[in-house]
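Written out below as structure tokens is the structure these notes cover.
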Amino acid sequence: MNILFLCTGNSCRSQMAAGFARAMHPAHTISSAGIEAHGLNPRAVAVMSEVGIDISAQPSQTIDELPPLSWDLVVTVCDSARENCPVLPGARMMHVSFDDPPRLTQGMTEEDALPIYRRVRDEIATMIRTLA
């Protein structure tokens, strides 16, 4: 099964979802992308490492940069991605909107920001467990 996680900037939510999906569903081909590529968020990397998942080498990329695959499932993890997702023939579409940690934590210290990243990380993990 080919699964794509899509968000606006491919820096945080879709990256965490792809990391969990690779760990929980290793038999599937898992990718993440964004409508834009904002670079991998270091706080997302940090909170994923706390649960033993290394996403530090995952590229931040746009959907146009992905190899040509026939997607079985496309999961949009924010409203913007759902609204701007290109038509992907044959793919089953699923939408789950998660809060945007980078937006919510602008200007915050690490100490104040990381709990928000952890909450969203844990919400994403719960969703990935349902993709059996």
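The values are calculated or read from the model by the stated rules, or taken from the named source; none is laboratory data. If you're wondering where the values come from, they're calculated on a predicted model, not measured in any experiment. Note: ideal-geometry Cβ built from the backbone for every residue, glycine included; neighbour counts use all protein chains shown.
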Quiz prompt | Residue that is nearest to Asn2 (Cα to Cα) [pool: residues in the range 63-92 that are surrounded by fewer than 19 Cβ atoms within 10 Å (Cβ to Cβ) and among the small types (Gly, Ala, Ser)] | solution = Ser70
Practice problem: Look at the range 16-69 and say how many of its residues are in a helix (DSSP H, G or I) and not charged (D, E, K, R). | Solution: 16
Exercise. Can you tell me which residue among Ser60, Ser31 is free of Cβ contacts under 8 Å to residues at least 60 places away in the same chain, closer than 16 Å to Met1 by Cα and surrounded by 18 or more Cβ atoms within 10 Å (Cβ to Cβ)?
Key: Ser31
Quiz item: All but one of (1) more than 13 Å from the chain's Cα centre (by Cα); (2) modelled with pLDDT under 95 hold for Ile63; which doesn't?
Solution: (1)
Quiz item: Name the residues in the range 77-99 that are closer than 15 Å to Ile30 by Cβ and either in contact (Cβ under 8 Å) with a residue 24 or more places away in the chain or among the small types (Gly, Ala, Ser) (or both), would you?
Solution: Val77, Ala91
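Having 2 or more residues that are at pLDDT 95 or above is the bar; report the helices (runs of 4 or more DSSP H) wholly within the range 79-132 that clear it. Write out each step before concluding.
Details: elements: 79-84, 101-104, 110-129.
Here the list reads 101-104, 110-129.
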Quiz item: For Val77, all conditions in the list (1) farther than 17 Å from Ser32 by Cβ; (2) in contact with a Ser or Thr (Cβ under 6 Å, 6 or more places away or on another chain) hold save one; what is the number of the exception?
Solution: (1)
Quiz item: In this structure, does Gly19 turn out to be free of Cβ contacts under 8 Å to residues at least 40 places away in the same chain and surrounded by fewer than 18 Cβ atoms within 10 Å (Cβ to Cβ)?
Solution: no
